[in-house]
Amino acid sequence: MWRGQVKSEVMNSEESEFLLGSDIGTGSCKTVLADQSGRVIAVAAKEYPTLFPREGHVEQEPEAWYRAFCETTRQVIRDSGLKPASVRAICVVGVTHNPVLLDTTGSVLRPAIHFRIDEA
């Protein structure tokens, strides 16, 4: 359902303002484009891999989160037919507390240590 489906026809008027929301989840990025009344215009999702480098260790590449955000954002804009300038607000959320270690230039040093509970 999240794979780039356009939910309704959109009138691309210069006065229209739209909102973009993106959820950086534990296994994928889900992005939605809506009008100011909350009517969903387009949705997209992109999965990213979870790494298991050794027993009990779970990691993800922060660059994969960023790529997924960029791809889903481009997709909802493209699918809607809207001009990017018509997006008036962007909200990005992520619920977990995954440390991302950076060097002094802001570059990622290693994959993010992922908080994950595996229940039997």
Per the 1/(1 + (r/R0)^6) rule, R0 = 41 Å and r from the Cβ atoms of Glu55 and Arg88, FRET efficiency to 0.05 is 0.30
State, to one decimal in nm, how far the label point of His97 lies from the label point of Arg39, with both points 7 Å from Cα in the Cβ direction. 4.2
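Laboratory data are not the source of any read-out in this text; all were calculated from the coordinates shown. For clarity, every value in this text was computed on a predicted model and none was experimentally measured. All Cβ positions, glycine included, derive from the backbone under ideal geometry; neighbour counts span all protein chains shown.
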